[in-house]
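The structure appears below as structure tokens.
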Amino acid sequence: MTSVLLVALALVAAGAPLDPRDIVWLRKPTGDEVARHVPTESRGLIGRVALDCAVTASGLLSDCRITSDDSVGKGLSEIAIKLAPYFRAALLSKSGAPVAGRRIIIPFRFDLPSDEPPPALQAAPQ
């Protein structure tokens, strides 16, 4: 039990990523913003991408990188990176923890229709 507690404390001290369900999103990309960044050749794709970003002092995302992509080479990673500037987090999480300076992994689930503009982004639940 003590070793589990020590590992948990070490993860927090090391800046373990924030739980995306604990973030209060002030802004997320709209359906139109998502559509603007989906190239024609990406229409019809289905996939999941995880984006790891730092939260700035103003709640914006920076220093983003892809940590997983189950559709490698099909363009979904690039779409997720392009959508990062549209996110803005409140400076305190739902549990009251400060988020500035911490990292967050945002899971994306893409299901892009082949013959119409893409639907609204489905990001982590609030």
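The values are calculated or read from the model by the stated rules, or taken from the named source; none is laboratory data. Predicted model only: the values in this text are computed from it and were never measured. Glycine also receives a Cβ, built like all others from the backbone with ideal geometry; neighbour counts cover every protein chain displayed.
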Is it the case that some residue within the stretch 75-87 is basic (Lys, Arg) and touching a helix residue (DSSP H, G or I) at 6+ places or on another chain (Cβ under 8 Å)?
no
Quick check on the stretch 40-95: of everything there that is under 19 Å from Leu26 (Cβ atoms) and of a type in the set (Ser, Thr, Tyr), which residue is surrounded by the fewest Cβ atoms within 10 Å (Cβ to Cβ)?
Ser95
Tell me yes or no: at least one residue of the stretch 38-49 is within 17 Å of Asp19 (Cα to Cα), among the aliphatic types (A, V, I, L, M) and touching a residue at least 24 places away in the same chain (Cβ under 8 Å).
yes
Looking only at the stretch 13-28, count how many residues are surrounded by 12 or more Cβ atoms within 10 Å (Cβ to Cβ) and part of a loop (DSSP other than H, G, I, E, B).
6
Within the stretch 29-43, tally of residues that are in a helix (DSSP H, G or I) and under 12 Å from the mean Cα position of the chain (by Cα)
0
Could you list, ordered by first residue, the pairs with Cβ atoms under 6 Å in which the first is in the stretch 96-112 and loosely packed, with under 15 Cβ neighbours inside 10 Å and the second is outside any strand (DSSP E or B) and at pLDDT 95 or above, at least 6 apart or interchain?
Ala100/Ala57; Ala100/Leu91
